[in-house]
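Scroll down for the structure; my scribbles are underneath it.
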Amino acid sequence: AFGECTVSVFNFCGDSVSHEGASYGTVDIGGQCWFTSNLRYLPSVSPSSLGEDYHPYYYVYGYEGTDVSAAQSSIDYVNYGALYNYAAVTTSGVCPPGWHIPSDADFTNTTTYSGGDPIAGKYFKSTYSWPLGAGTYSRRLDLMPGWFLVTVGQFADQGPSAFLWSCLFYTSNAHSD
């Protein structure tokens, strides 16, 4: 969330992968194996009023408490997964063993394989919950539109976009789901 976790070599792409209580479908796109849904790793949860760049913060949109079980029961967690700052997305354990947050090259390869920037998005977004039209789901990624933390205490509204983490940090406010 989301940071999508990818791995270059996976012998059973298409099978489900379980990690920290969540199950993820997988799909091969251009020789890369991707999770088909938003990341749900949530070892702790913070209200949106807390955060900075150097320590991991994990959020669930619309949940302002600190109880992980309660956050995981919220409809926004169930539908959209968790939100992370860059320090959280790069912590050990965010992905299952053998998996990683994608690099820019991983995203570029997948986008190129799927027809390039103007076309690829419709193959990756879910068939529902998009304000400007659903995806075709032919690549089966099922990405959901989501929020991102603009500044501590303020999430941007869910809009016609999904913001995905790569393992490369661009700016101090590059929060994503």
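Quick notes on this one:
- Local net charge near A71, Cβ-Cβ under 13 Å (Lys/Arg +1, Asp/Glu -1): -2
- Net charge contributed by nearby residues that have their C-beta within less than 12 Å of S46 (K/R +1, D/E -1): -3
- Expressed as a whole percent, the accessible surface of region 1-120 that belongs to carbon and sulfur atoms is 51, based on a 1.4 Å probe.
- For region 41-76, backbone nitrogen atoms closer than 18 Å to the point 7 Å from S92 Cα along Cα-to-C-beta are found at 42-44, 55-57.
The values are calculated or read from the model by the stated rules, or taken from the named source; none is laboratory data. The structure displayed is predicted, hence computed values, not measured ones. All Cβ positions, glycine included, derive from the backbone under ideal geometry; neighbour counts span all protein chains shown. With ligands, DNA and RNA removed, areas are computed over all heavy atoms of the protein, side chains included. Shrake-Rupley method; radii C 1.70, N 1.55, O 1.52, S 1.80 Å.
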